[in-house]
Amino acid sequence: MARDEANDGDRTTALTRREFVQGVAGAGAALAPLALGACSGADAGAPVAPQDLPGYYPPLKTGLRGSHPGAFEVAHALRDGVAQPTAHSTGEVYDLVVVGAGISGLTAAFLYRERNPDARVLVLDNHDDFGGHAKRNEFWLDGELQLMNGGTYSIESPRPYSAQADGLLRRLGINSAELVTRIQDPGFYASQGLFTGVFLDRETFGADHLLRRDPHEPWSRTLAGAPLSARARDEIARLEEAPADYLAGLSTEAKLARLAPLSYRAFLAELVRVEPAVAAFYQQRTHGEWGVGIEAVSALEAWATGLPGRDGLKLPPGATPGMGPTAAGYADTGGSLDVYLPDGGATIARALVRALVPAALPATTIDDLVTTRADYAALDRPGAAARIRLSATVTRVANLGGGDQGVRVDYVRAGHGHTVLGRHCVLACWNAVIPHLCPELPAEQKAALHELVKTPLVYASVAIRNWQPLARLGVAQIHAPGGYFSDVYLNECVSIGRYATPRSPERPTLLRLTRTPCSPGLPEHDQNRIGRADILATSLERFEHEIRSQLGRMLGAGGFDAGRDILAMTVNRWPHGYAPEFNPLFEARLPEAQRPHVRGRARRGAITIANSDAASFAFMDAAIEQAQRAVGELLGG
């Protein structure tokens, strides 16, 4: 295998040199140095790209989105060894080619041009929209625009944003400290008497039952009438309101040593000794942060993000060595400012696109940006300094001339193969695909990249006729411990510029549903692989059925009728979702330089890697910081 890869790499380099000389010789170019700036349009006579057609506007698409049909098939064929279409030169040469138009890729393009204002940059992405996970779902309901995140949720992180990440946002016109107080109204729903609900399903608990958790009432009242035994109700109430010291008599060091290898589920079973129904009650509470259940998250980490049982143990505040980065961050600092913009992280992606291609988003402030309609035909105009080319799946990235004479990048678009050349390349795609794009990488680096298994996710945006059923039931969000979707939320209450979330229950609004498919009992990455396959195999019809069924069962007592009240659905599936983080239950703690995300992101010639995988940290600030690192590797500093 190593011999075949080496030969294939040599063959590609030779072909690239020949095609390069033929492709740009007319412009007076030579192989070394590259004739940067010789950027024409794509192939002459090629069909008009969908993004250039009148009316093209993917944020309005409903149905199956996220990793949508058409976005992943070429990459899967590449993975499976299927021959790709022959790549023909477009005649284009850039200073930088970026693979991936997510937050990290767009940031890399922005930072590169910030340091080199005359640089020409091309960003290629396999999806039909920019933003990567930071997707925007748009709906027009009763003539008014309503927005929801289709992926990246907010400007939030377990620790305050670094000077690098916060500085970038501020240069884009996004001031988190100002926005968090100006645009958000986190107490609105509570002021209307809407709190958190917990839906106990009949398959798990014996009967369908919706609890309404009023924080001003004792848990005994919340649990009254629940399909739980009296003992289970009492155990939940004591855990939440009066946890004991389950390790009384042990020193702090001994307690931590006992707790470090325990999952939260094992803590409940072995130390608290609860009924199985109590563990089931908390089973999916860790899905939002880690994408797996309480049997695959340590007790120490679960406590750092709000699960009960820690207070009685009298442990010191702050992080412990047994925590991963998310839990440690929250334990130490309480996290960063949490700013939710109407479309989540998509606003950040749009701000980056505005900076790169001003004609595509002619807004001047963050307030204008939220409601400005993007002009997708402006993203890839010939002669522009920065271009973003969608529905273009990269299939090969290779160094030229031993890595000091630029890169060749092959991609497939609409079934045809194309080649562009560049001085530098940033791979801002998912780590899992990089070994297939760059056969020349050392085997050890490829193995490290493959170790980083992402968490699969589904974010569904559901438009409903009104939210009176939730108002009648007194809930603004519902957690479902045994549900197909683990959580349902009314859209965040936000007001910015000309945009405002509906505040009257009689008006249409949006619900957000989240799902992380799991296989409890297996190690985290095995669960992730099974979940990825589950998401890809699930049809839109199945997702829609589960949405209608679950909402009907949850909200039926409030008068909700799925057939009448659901107006539209957008299902954002992400088989490769959250970047993988260190899990102390399943992984050895290694020195920084030996960790797979560090070994995997090593620069190779003119090629470097920037994504949240490269930080092993599933937050937007990590994607920004990795772009800063990657550009620094290419340009120095």
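The numbers here are math on the coordinates, done by the rules we state, and not lab data. This one's a predicted model, so the numbers in the text were calculated from it and none came from an experiment. All Cβ positions, glycine included, derive from the backbone under ideal geometry; neighbour counts span all protein chains shown.
Under 16 Å Cα-Cα from Lys255, which aspartates and glutamates qualify once same-chain neighbours fewer than 8 residues away are excluded?
Hits, sequence-local ones excluded: Asp245, Glu270, Glu301, Asp311.
Please compute P(r) over all alpha-carbon pairs of segment 336-451, binned at 10 Å starting from zero, and give each bin as a whole-number percent.
In whole percents, the pair-distance histogram is 12, 31, 31, 22, 5.
Using modelled amide H (1.01 Å from N, peptide plane; none on Pro or chain starts), what sits under 5 Å from the amide H of Arg213, excluding residues fewer than 5 places away?
Amide H neighbours of Arg213: Thr196, Gly197, Val198.
Considering only Ser461, Leu449, Cys425, whose Cα is most displaced toward the positive end of the charge dipole of segment 419-483, charges sitting on Cβ of Lys, Arg (+1) and Asp, Glu (-1)?
Ser461
Going by a ≥ b ≥ c, the root eigenvalues of the Cα gyration tensor, does segment 95-154 fall in the rounded group (a/c under 1.5), the prolate group (a/b larger than b/c) or the oblate group?
Note, shape of segment 95-154 comes out prolate.
Report ³J(HN,Hα) in whole Hz for each residue of segment 577-592, in order, from the Karplus equation J = 6.51 cos²θ - 1.76 cosθ + 1.60 where θ = phi - 60°; Gly and Pro get x.
x, 4, 5, x, 10, 4, 10, x, 6, 10, 10, 6, 7, 9, x, 3
Please report the Cα spread of segment 160-233 along all three principal axes, rounded to whole Å, starting with the longest.
56, 27, 19
Could you compute Rg(Cα) / (2.2 N^0.38 Å) for segment 405-467, with N its residue count?
1.70
At 37 °C and a viscosity of 0.692 mPa s, what translational diffusion coefficient does Stokes-Einstein give for segment 48-88, taking Rh as the Kirkwood radius over Cα pairs? Give it in µm²/s as a whole number. Mind showing how you got there, number by number?
Working: Rh = 12.8 Å.
D = 257 µm²/s.
What fraction, in whole percent, of alpha-carbon pairs in segment 432-497 exceed 20 Å separation? Write down the numbers at each step before the final one.
Numbers: 1220 of 2145 pairs.
Roughly 57 percent, once rounded to a whole number.
Give the Rg/Rh ratio for segment 524-565, taking Rg as the radius of gyration of the Cα atoms and Rh as the Kirkwood radius, to two decimals.
Ratio of gyration radius to Kirkwood radius for segment 524-565: 1.20.
Quote the Stokes-Einstein diffusion coefficient, in whole µm² s⁻¹, for segment 508-637, based on the Kirkwood radius over alpha carbon pairs, a temperature of 20 °C and a viscosity of 1.002 mPa s.
Here the translational diffusion coefficient equals 118 µm²/s.
Starting from the eigenvalues of the Cα gyration tensor, five times each then square-rooted, give me the equivalent ellipsoid semi-axes of segment 315-357, largest first, whole Å. Numbers along the way, then the final one.
On the way: eigenvalues 229, 24, 11 Å².
Listed largest to smallest, the semi-axes of segment 315-357 are 34, 11, 7 Å.
Across bins of 5 angstrom width beginning at 0, how are the C-alpha pair distances of segment 68-192 distributed, in whole percent?
2, 7, 11, 15, 18, 15, 12, 9, 6, 3, 1, 1, 0
Quick one: which residues, 5+ away or cross-chain, put their amide H under 5 Å from the amide H of Leu262? H built at 1.01 Å from N.
HN-HN under 5 Å from Leu262: Ala299.
Quantify how much of the Cα-Cα distance distribution of the chain extends past 49 Å, in percent.
Of all Cα-Cα distances in the chain, 14 percent exceed 49 Å.
What whole-number distance in Å separates the alpha-carbon centres of segment 190-267 and segment 541-557?
Answer, in whole Å: 26.
Treating segment 167-288 as a set of equal point scatterers at the Cα positions, no solvent, please give the Debye-formula log₁₀ I(q)/I(0) at q = 0.14, 0.15, 0.20, 0.23 Å⁻¹.
Each listed q corresponds, in turn, to -0.81, -0.86, -1.12, -1.35.
Measure out, as a whole number of angstrom, how far apart the alpha-carbon centroids of segment 110-188 and segment 471-488 sit.
Cα centroid to Cα centroid, the span is 27 Å.
Explain nothing, just the number: dipole magnitude of the chain about its Cα centre with +1 on each Lys and Arg Cβ and -1 on each Asp and Glu Cβ, in debye rounded to the nearest 20.
With only Lys, Arg, Asp and Glu charged at Cβ, the dipole is about 380 debye.
How large is the Kirkwood hydrodynamic radius of segment 267-323, in angstrom, based on all distinct alpha carbon pairs?
By the Kirkwood definition, the hydrodynamic radius is 12.0 Å.
From the phi of every residue in segment 412-426, what ³J(HN,Hα) in whole Hz does the Karplus formula 6.51 cos²θ - 1.76 cosθ + 1.60 yield, where θ is phi - 60° and glycine or proline is x?
Along segment 412-426, the couplings run 10, 9, 6, x, 10, x, 9, 10, 10, 10, x, 6, 9, 9, 10 Hz.
Would you please put 362-373, 524-535 in order of how densely packed they are, using the mean number of other Cβ atoms within 10 angstrom per residue and starting with the highest?
So the order, starting with the most tightly packed, is 524-535, 362-373.
Please list, ordered by chain and number, the residues whose modelled amide H lies under 5 Å from the amide H of Ile609; skip anything fewer than 5 residues away on the same chain.
Excluding prolines and chain starts, which carry no amide H, the hits are Leu427.
Can you return the lysines within cross-link range of Lys135? Criterion is Cα-Cα under 27 Å, with same-chain partners fewer than 8 residues away left out.
Counting by Cα, and skipping residues close in sequence, Lys135 has these lysines nearby: Lys61, Lys454.
Charges at C-beta only: +1 for Lys and Arg, -1 for Asp and Glu. How large is the resulting dipole of segment 260-373 about its Cα centre, in Debye rounded to 20? Working shown, then result.
On the way: 8 positive and 11 negative charges, 17 e Å.
For this selection, approximately 80 debye.
When a/c reaches 1.5 or more, the comparison of a/b and b/c decides; with that in mind, is segment 421-532 rounded, prolate or oblate per its Cα gyration tensor?
Verdict is oblate for segment 421-532.
Given only helices, namely DSSP H runs of n ≥ 4 each adding -39500 (n - 2.57), what is the per-residue ellipticity at 222 nm of the chain, to the nearest 500 deg cm²/dmol?
Per the formula, -9000 deg cm²/dmol.
Can you bin segment 474-571 into rounded, prolate or oblate? Criterion: square roots of the alpha carbon gyration tensor eigenvalues sorted a ≥ b ≥ c, rounded for a/c under 1.5, prolate for a/b above b/c, oblate for the rest.
Prolate shape, in that a/c is at least 1.5 and a/b is the bigger ratio.
Averaged over all directions, how much area does the convex hull of the C-alpha atoms of segment 227-330 cover when projected, in nm²? Walk me through the intermediate numbers first.
On the way: hull surface 25.1 nm².
Over all viewing directions, segment 227-330 projects a mean Cα-hull area of 6.3 nm².
Tell me, what ³J(HN,Hα) does each residue in segment 291-301 have, in order and in whole Hz, if you take phi through Karplus 6.51 cos²θ - 1.76 cosθ + 1.60 with θ = phi - 60° and put x for Gly and Pro?
In residue order, the calculated couplings are x, 9, x, 5, 7, 10, 10, 5, 4, 4, 6 Hz.
Once every Cα of segment 278-395 carries one equal point scatterer and solvent is ignored, give the base-10 log of I(q)/I(0) from the Debye formula at q = 0.16, 0.17, 0.23 Å⁻¹, two decimals.
Treating every Cα as an identical point scatterer, log10 I(q)/I(0) equals -0.82, -0.86, -1.23.
Name the residue from Ser616, Val571, Val412 whose Cα lies farthest towards the positive end of the charge dipole of the chain, charges +1 on Cβ of Lys and Arg and -1 on Cβ of Asp and Glu.
Of the candidates, Val412 comes out farthest on the positive side.
What's the ranking of 575-584, 391-400 by average number of surrounding C-beta atoms within 10 Å, highest first?
391-400, 575-584
Taking Cα centroids, how far is segment 310-378 from segment 407-447 in Å?
About 28 Å separates the Cα centre of segment 310-378 from the one of segment 407-447.
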